[in-house]
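Below is one structure; the comments refer to it alone.
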């Protein structure tokens, strides 16, 4: 739940920046009533990309790869010039990192760390 809250806050911040502050009440109301908001972030160092995969769909894809795992963190990153979702999961004392393409939904990289 903490990650969803962080993503919601980031979404509100992005909405405020994009609307010049005029959409604060609208963004806050939408965030309060719906947690299914897809996050689209861009940085100055990376070109803007059209997001085809929401963070929720990326989580579904990662959970299909590691059934029964618990999601611990979701981040939007750039890997070799491509926008990806990095999903961290835990299951049975192991940590998994699944990198899902934000445009195609394909798993780009998969790592398993034994703890």
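Each value in this text was obtained by applying a stated rule to the coordinates, not by laboratory testing. Everything quoted here is computed from the prediction, not taken from an experiment. All Cβ positions, glycine included, derive from the backbone under ideal geometry; neighbour counts span all protein chains shown.
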Honestly region 55-114 on the Cα gyration tensor test (a ≥ b ≥ c root eigenvalues; a/c under 1.5 rounded, otherwise a/b vs b/c for prolate or oblate) is just prolate
Would you mind ranking 90, 76, 115 so that the residue whose beta carbon has the fewest other beta carbons within 10 Å leads the list? 115, 90, 76
Neighbour-count ranking [beta-carbon atoms within 10 angstrom, fewest first] of 75, 88, 64: 64, 75, 88
